[in-house]
Amino acid sequence: MPATHVVTNQAPALVDHDLAEQPVVLEAMARAHAGYALDDLHEIGRQAGSAEVADLADRAEAHPPQLRTHDRFGNRVDEVDYDPAYHELMRRAVGFGLHGAPWADTSPNPHLVRAAKMSVWGPTDAGHLCPISMTYAVVPALRADADLAARYEPLLTAPVYDPGLRNPLSKAGLIAGMSMTEKQGGSDVRANTTTAVPIGDGTYRITGHKWFTSAPMSDVFLVLAQAPGGLSCFFVPRVLPDGSRNPFALQRLKDKLGNRSNASGEVEYENTIGWLVGDEGRGVRTIIEMVNLTRLDCTLGSATSMRTGVMTAAHHAAHRSAFGLTLIDQPLMRNVIADLAVEAEASTVVALWLAEVTDRAVAGDDEADALRRIALAVSKYYVCKRGPAHAAESLECLGGNGYVEESRMPRLYREAPLMSVWEGSGNVAALDVLRAIVRQPETLDVFFAEVESGRGQSAALDAAIDRLRHRFADIDDAGAAQFAARQIVGEMALVLQGSLLHRHGHPAVAEAFSATRLGAVRGDVFGALPAGLDIATILDRVTPKIG
């Protein structure tokens, strides 16, 4: 072989390692006394870190789903064909219980355990996790109708992936989606024009156009439409109980920025049969629990993406040399990667903590429910907003190697903005925090009670809590509050993350966070850690251990 063809100074492939071996995830499990789930978590981690699953993800991404509107005879079929690799990823994710399984799980902290598993499996492929997340989130909303829940919930929580359009009640397991957004309204779902007309037998005929419907090959959907009593929520199966197709015309698939492995499409409803979920006119209230849970997964997804990015950057830097030193030994590169690690850990700590709070709220804890209401919106805004910048910096750590598709970093970069757009863009999430404070003042009380639990751990944290209290005390005009909403909510997010890190995180990470996120203005650049921090420990926590 010619000497020029000998490959040197390249990092080995980051495969065949246990993705569950991440201290920030294992520490969250330990705090929740969830050791009973560690064997399952590590099995997921070994599969997620395997070359086999990496190949499945690459194939699912390289062969996007294809829309078939008609069969060869001219009949409408409205099918989406996926690569077999996508179906295998779905099969594993459902088998791991990442979908609706927590709602049927009587073990302690099922939502935290599910979040930890999602966090470990998440680096494989973002696309298939969209229907997995929606299936998880649909269950509590469906419980607004006891009869529908009794019939369909066991199938939404069953650990069986059963693709193909058939009578849903004849299948071994179901996947669910939601169909809310319309082209004229976007986040303003009350502007929806899709109509639902009762036909006297307990069902409604739904007519209208939905601008975004992700995973349109799901078995059942929650759909928002205007009924005689106002905007309402409906349960819509792709196939009716008698085996006939429910009108569900796929107009086109979206050519979107992010992942290619999952389909998103426009759907035309024309006299489509649906069952009312909840009361007429209460559609937003009915579906809000689904939105809360998908917001949880948005936060978790961004945190997982950050950990994936910095883990890849740390692995590359540990094996690549330049100017006589390994990259990880170059002082500025150490600063950048450690700073990326601090951001990723802070985001992961708050995301897994939100899953713990969800467990308490689901169990009937009203204070936890109020805390979740505000903390979810705060964290969804901030963590998801930080994701794209974090992905860009992680990619840059690999230089030109990070800019080619084979590194998988462009895939991470393209996907990062989705979490901030999905379930309410940055402005929507920030304004939702203000709305919660006005409508439910107790949410701000429980928020401050939570962050105050960290008082005394750090002078920077104490000062940040005081500044935040003064900010709320000084706001006396709704317009001024809205104008500054992003700054207010961003400060809330940082104080919450800082409090959680000082109480539950690693001291080295907490100290670095306080020094750079809660103190003097640092700008938005990564690599601004001051001297004197325990950089070695921070880096060790994110550098993957292979072999």
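Values quoted throughout were computed directly from the atomic coordinates according to the rules given, and no laboratory measurement underlies them. Everything numeric here is computed off the predicted structure, so don't read it as measured data. We place every Cβ from the backbone using ideal geometry, glycine too, and count neighbours over all the protein chains shown.
If R0 equals 60 Å, the separation of the Cβ atoms of residue 478 and residue 270 corresponds to a calculated FRET efficiency of about 0.90. Note on 266, 396, 343, 52: ascending count of other Cβ atoms within 10 Å places them as 52, 396, 266, 343, the fewest first.
Cross-link check: pairs 183/254; 210/380; 210/256; 117/254; 183/256 evaluated at a Cα-Cα cut-off of 18 Å; pairs beyond the cut-off: 210/380; 117/254. Under 17 Å from a label point set 7 Å out along the Cα-to-Cβ vector of residue 31, the amide N atoms of the stretch 348-364 belong to 348-361.
Compute the long axis of helix 84-95 from its Cα atoms, compare it with the longest principal axis of the Cα atoms of the chain, and write down the angle in degrees, 0 to 90, nearest 10. It is inclined by approximately 80 degrees.
Per residue, the chain reaches -16500 deg cm²/dmol at 222 nm when only DSSP H runs of four or more residues are counted, each adding -39500 (n - 2.57). Normalised by the number of residues in the chain, the average gap of Cα pairs under 8 Å and 6 or more apart makes the relative contact order 14 percent. Taking 8 Å as the Cα distance limit and 6 or more residues as the minimum spacing, I'd like the relative contact order of the stretch 285-542 as a percentage. Across the stretch 285-542, relative contact order equals 26 percent. Compared with the alpha-carbon gap, the fully stretched path from residue 197 to residue 545 is longer by 119.4 nm at 0.36 nm per residue. When Rg and Dmax are taken over the Cα atoms of the stretch 285-542, they come to 18.4, 61 Å. In terms of packing, defined here as the mean over residues of other Cβ atoms within 10 angstrom, the peptides 54-66, 291-303 line up highest first as 291-303, 54-66.
If I fit a long axis through the Cα atoms of helix 331-362 and take the longest principal axis of the Cα atoms of the chain, what angle between them do I get, 0 to 90°, rounded to 10? Once rounded, one gets 40 degrees. The H on the amide N of residue 214, modeled in the peptide plane, is under 5 Å from the matching H of 178, 265, each at least 5 residues off or on a different chain. Rounded to 0.05, the FRET efficiency of the residue 438 and residue 73 pair, given R0 = 56 Å and the Cβ-Cβ distance, is 0.45. Once the chain from residue 365 to residue 256 is taken as fully extended at 0.36 nm per residue, the excess over their C-alpha distance is 35.3 nm. Taking the C-alpha atoms only, the angle from helix 51-62 to the longest principal axis of the chain is near 60 degrees. Hey, how many Å between the Cα centroid of the stretch 356-401 and the Cα centroid of the stretch 471-547? Using only Cα atoms, the two centres lie 13 Å from each other. Sorted fewest first by neighbouring Cβ atoms within 10 angstrom, 545, 171, 256, 380 come out as 545, 256, 171, 380.
The distance between label points at residue 449 and residue 66 comes to 5.8 nm (points 7 Å beyond Cα on the Cα→Cβ vector).
Please give the FRET efficiency for residue 323 paired with residue 42, using the beta carbon to beta carbon distance and R0 = 41 Å, rounded to the nearest 0.05.
Step by step, r from the Cβ atoms, then E = 0.60.
Counting other Cβ atoms within 10 Å as a rough exposure proxy, the listed residues 270, 511 run 270, 511 from fewest neighbours to most. Taking θ as phi - 60° and the Karplus parameters 6.51, -1.76 and 1.60, the scalar couplings of the stretch 63-70 work out to 10, x, x, 10, 8, 10, 7, 9 Hz in sequence order, x denoting glycine and proline. Projecting the Cα atoms of 272, 430, 293 onto the dipole axis of the chain, where Lys and Arg carry +1 and Asp and Glu carry -1 at the beta carbon, places 272 farthest toward the positive end.
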